1. Please name whichever of Val181, Pro441, Leu601 sits farthest to the positive end of the charge dipole of the chain, dipole taken about the Cα centre and charges placed at Cβ: Lys and Arg +1, Asp and Glu -1.
2. Leaving out ligands and nucleic acids, and using a 1.4 Å probe, what accessible area per residue does the chain come to in Å²?
3. Pull out a ≥ b ≥ c, the square roots of the eigenvalues of the alpha-carbon gyration tensor of the stretch 275-405, then state rounded if a/c is under 1.5, prolate if not and a/b is larger than b/c, and oblate in the remaining case.
4. At 0.36 nm per residue, and after removing the present C-alpha to C-alpha distance, how many nm does the segment from Asn386 to Arg365 gain when stretched out fully?
5. I'd like the antiparallel share, as a percent to the nearest 5, of DSSP beta bridges with both residues in the chain.
6. In Å, what is the Rg of the alpha-carbon atoms in the stretch 73-120, and how long is Dmax?
7. Give or take rounding to whole Å, what are the principal axis extents of the alpha carbon atoms in the stretch 319-384, in descending order?
8. If you take the beta carbon distance between Lys164 and Glu445 as r and set R0 to 51 Å, what does 1/(1 + (r/R0)^6) give as a FRET efficiency, to the nearest 0.05?
Amino acid sequence: MCGIVGYVGTEQAAPILLDGLAKLEYRGYDSAGIAVSEDGKISMKKARGRLKVLDELTHGGQTMSGCAGIGHTRWATHGEPSDVNAHPHINQDESIVVVHNGIIENYQKLKKNLEKRGYEFVSQTDTEVLAHLLDYYYHGDPIEAITKVMHRVEGSYALGILFKDHPEKVYAVRKDSPLIVGKGQSGNLIASDVPAVLKYTREVFFIQNEEIVCLDREEIHFYNVDGEEIEKESSKIEWDVNAAEKGGYEHFMLKEMYEQPKAVRDTFSPRIKNGTVEIEELGMGAEEIKEIKRIFIVACGSAYHTGVTAKYIFEEMAKIPVEVDMASEFRYRDPLIEEHSLVIIISQSGETADSLAALREAKARGAKTLGIVNVVGSSIAREADNVMYTWAGPEIAVATTKAYSTQLIALYLLSMHFSKVRGTITEEELTEMIMDLNRLPEQIEMLLNNKERIQRFANRYLAAENVFFIGRGIDYAISMEASLKLKEISYINSVAYAAGELKHGTISLIEEGTLVGAVVTQQHLYKKTVSNIEEVRTRGAFVLAVTNEGNTDIEKSADYVIYIPPTNKYFTNSLAIIPLQLFSYYVSVGKGCDVDKPRNLAKSVTVE
């Protein structure tokens, strides 16, 4: 997720902005820019690439002399990474400039309305809409203009704003995207996160949703959405710099796990409109969706596991046959792709070598292709016929958590949309699923808040040499991801098995004290999986069960039970995986492993 910095004070702003942005590099970005009020105008410099490019362009900020400014590191969402799409964005007469974190969901509608009024756009971003909308509402009072924009805009945002008419002030506002204010000795600051301000102050204000702030050299004023001034109390930051760069979390992985509720919401909320699922970027009309005869889902690692989940959902709900392939196998098995086939390529980075090669193979065979990726402008995004973004934001830890969760959401939405178009679910069923989808962020947060109990359990298995996970149907897909998480960050030999396969060889590996994680969320398979639990338990296994609330009789068969709240049977992966992510994390921490950068692994596998 992008980084925002702003400063107004007695010192030159640009070097402070660059320094603050450097402290936010961990957040991930593909371009950067700064704007400064100087000599009666707003000067702006921005560049694609690393912050070093911008630093060299401005000679460390020395070429920009003003004492008030804003800066931004951008992770591309709307529009590919480029100098033009980089923030800040400015209105036509260069009197208002904006930096923005978040997603403006209704920007297309706003853009059309502004174009009718003569506004011209130069970028592909949703953020440029904000600069022009502020211009439209501005009549001398910045707070009034900002509040009017807030009433028109839908989505999430943290904004830093400069007005040429008010050269010694910086304005900011937030909704669902983080923003803090720092009160310093030589001036005041805004930032997306604490690391950017620690060099200058440890006294900060945490801005709440729909609050506005105006900073000058000496004072900070806060306002609500109605433009009424409010009082806020500051907090003193005690974190050391290294911890603060992770937002107070010990590791990026834990931080990213806690970002899952927001990432999940950001992925589905723009695609739920008027009580139904609308996927505008799909590029497929109703007739084309009805003609689909087969879906191929191709991916690697955790993305492959989301595909396994999707197979069960598409086949049962949309009545479409689905094949799921590891990308490294798909391109070499001479796949039989018939007419009216859809090939879905899933990749967090959009640059995974095997997945990219599989995409090219599918296109060469005449298939319609859809990329589900997180990185705008990545190779898969560019080369697929259409792309569906997951909006997870940058994920720094090698072991994926929030990217996995958002890929699941994208596939849920896709299957719901296809089922609606093909008439395989009723309007009532779709409405209920949307309601359950809307509950997921809160339910995920609730499970994350149960971390202490899971940590205590994980500490008992730091010396484990072999761990097994079992499940049936979607539960088997969950087991595969749980097993991968554990092995990749704790180096414990962990294997997932379809529970029904136990007697075909696997059960011979069970001995006294072996930990078996059993996932039991599919009610129609509940009794069969409980029977498998009893089989391994009688052979000495210690069983950790993850199941639905209400299945309390499982406590007779399992040694330790984690309950997930009620949801649609197709969505249980989104909840059951959370305690299993936490389990893997705390085992890794307890063993002293490098949680964020496990040995031999890379975040994006760009070679075969």
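The values are calculated or read from the model by the stated rules, or taken from the named source; none is laboratory data. Everything numeric in this text was worked out from a predicted model, so none of it was measured. Here the Cβ positions follow ideal geometry from the backbone for every residue, glycine too, while neighbour counts run over all protein chains shown. Each accessible area value is taken on the protein alone, full model and side chains, heavy atoms only, with ligands, DNA and RNA left out. Shrake-Rupley method; radii C 1.70, N 1.55, O 1.52, S 1.80 Å.
1. Going by the charge dipole, the pick is Leu601.
2. 39
3. Details: a/c = 1.44, a/b = 1.20, b/c = 1.20.
Verdict is rounded for the stretch 275-405.
4. Contour length minus the Cα-Cα distance gives 5.9 nm.
5. The antiparallel fraction comes to roughly 60 percent.
6. 11.6, 31
7. Per principal axis, max minus min of the Cα coordinates gives 29, 25, 20 Å.
8. 0.75
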